[in-house]
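The values are calculated or read from the model by the stated rules, or taken from the named source; none is laboratory data. What you are looking at is a predicted structure, and each value in this text was computed from that prediction instead of being measured. Virtual Cβ from ideal backbone geometry, glycine too; neighbours counted across all protein chains shown. We work out accessible area using only protein heavy atoms, side chains counted, and drop any ligands, DNA or RNA first. Shrake-Rupley method; radii C 1.70, N 1.55, O 1.52, S 1.80 Å.
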Amino acid sequence: MKWSTDDIPLFVKEREYVDTAVLPLLPIDFGDGIRQSGAMTEFITVMSAEIEKQFRGRMLLVPSFTYLAQRDIKECRREVEEWIQEMKKEKMKHIILITADSSWKKVESELDGLLVWMPLVPLENMDTAYKKQVISEQIKQLLPLVMDKWKE
Amino acid sequence: MSDEQNHNVSRRQFLTYTLTGVGGFMAAGIILPMARFAIDPVLQAESEGDMKAVTDVSELTEEPQRFDFSYDQEDAWVTSETTETAYIYQSGDEVVALSSTCTHLGCTVSWATNEEYPDEFFCPCHGGRYEKDGTNIEGTPPTEPLHKYEVEVRDGTVYVGKAEPQV
Ligand code: FES
């Protein structure tokens with residue numbers, strides 16, 4: 001379910017069925033890294049929308065956590081941890097963090113959730129049909145990760 | 001003292017009037033566009049009734065297969081390309097196209113992906129199950145069958161329209 005006026009009431013009504021939150025992590029860079037930052041945002045946004053579509057009855061797509069790319073990842077982790085604990089307090093059993101920023105891998109073990117790091121696929125210069133194919137390939141790899149998490 | 005109070009009251013009254021006035025304006029501003037939104041979906045529903053070509057009949061088997069098709073959807077201020085997934089199969093002379101959207105809470109179901117239930121549609125979210133014709137299996141969360149698409153076969157091509165409830 002999305003963070004929208006259509007879906008949130010549904011979430012509130014059916015929350016016993018919704019035990020998973022997906023939180024995209026997006027680095028923001030205003031300097032030289034701005035292209036990269038834009039590409040990552042686009043890619044992760046598409047991916048998280050696709051996962052939401054597959055599993056919408058059991059998961060809530062949370063608005064992205066954005067942070068300045070040059071910030072210390074440990075600091076970001078502390079902040080994300082706060083989000084996670086808050087979501088857990090509200091009965092979200094599974095937290096899925098999805099990002100293209102590899103620095104999160106350094107703090108993976110300290111995160112109380114499943115970190116899904118996806119290497120950036122630059123969607124620019126791809127025609128629509130190819131783009132779709134690439135995305136559905138990626139999604140196919142991602143689905144089992146989520147379903148395994150549910151088996152815990 | 002009482003003078004002062006009078007003064008205050010009249011100021012408050014003034015404020016009340018003004019605010020109501022502004023509020024009134026705002027309400028008018030809000031109602032108008034709402035009326036427009038209320039009309040829009042009706043018009044939209046009509047244009048969505050279009051049939052979309054999905055596959056060749058020769059591709060179909062008795063086994064439900066997955067087909068994706070997309071169209072543009074206008075949702076208030078964004079037009080986005082929406083992709084839907086249908087499971088289509090041949091049942092005697094009839095072509096059946098079922099929606100892949102679980103009728104419980106909307107996850108995507110798939111055919112024969114759960115080893116324990118090889119001849120059923122399965123929903124990974126809360127274990128919803130459906131028979132081949134879309135009938136929901138009792139004891140699992142869904143309370144109605146998978147929706148069924150309007151189907152048309154013209155010159156060997158399968159077209160699907162809107163998915164409608166089976167009950
Ligand atoms: S959404 Fe399919 S069983 Fe709940």
Roughly how big is chain A's charge dipole about its Cα centre, with Cβ charges of +1 (Lys, Arg) and -1 (Asp, Glu), in debye to the nearest 20? 360 debye
Computed P(r) (all Cα pairs; the range B:52-164; 5 Å bins; percent): 2, 12, 22, 22, 18, 13, 8, 3, 0
Largest first and to the nearest Å, give the Cα extent of the range B:51-100 along each principal axis. 44, 18, 14
Quick one: which residues, 5 or more positions from A:THR66 or on another chain, have an amide H under 5 Å from its amide H? H modelled 1.01 Å from N in the peptide plane, none for Pro or chain starts. A:LEU26
In whole Hz, what ³J(HN,Hα) sequence does the range A:31-36 give by Karplus (6.51, -1.76, 1.60; θ = phi - 60°), x for Gly and Pro? x, 4, x, 5, 4, 4
About the Cα centre of the range B:39-167, how large is the charge dipole given +1 on each Lys and Arg Cβ and -1 on each Asp and Glu Cβ? Please answer in debye to the nearest 20. 240 debye
So, for the range B:52-164, what is the accessible surface per residue at a probe of 1.4 Å, expressed in square angstrom? 51 Å²
Using mean Cβ contacts within 10 Å as the protection proxy, how do B:70-76, A:82-88 order, highest first? A:82-88, B:70-76
Just the C-alpha atoms of chain A: what Rg/Rh do they give, with Rh taken as the Kirkwood radius? 0.96
What is the Cα coordinate range of the range A:106-149 on the first, second and third principal axes, sorted by size from largest, in whole angstrom? 39, 23, 9
Note, the range B:85-100: 3J(HN,Hα) by Karplus (6.51, -1.76, 1.60, θ = phi - 60°), whole Hz, Gly/Pro = x, goes 10, 10, 9, 10, 8, 9, 10, x, 8, 8, 9, 10, 10, 10, 6, 8
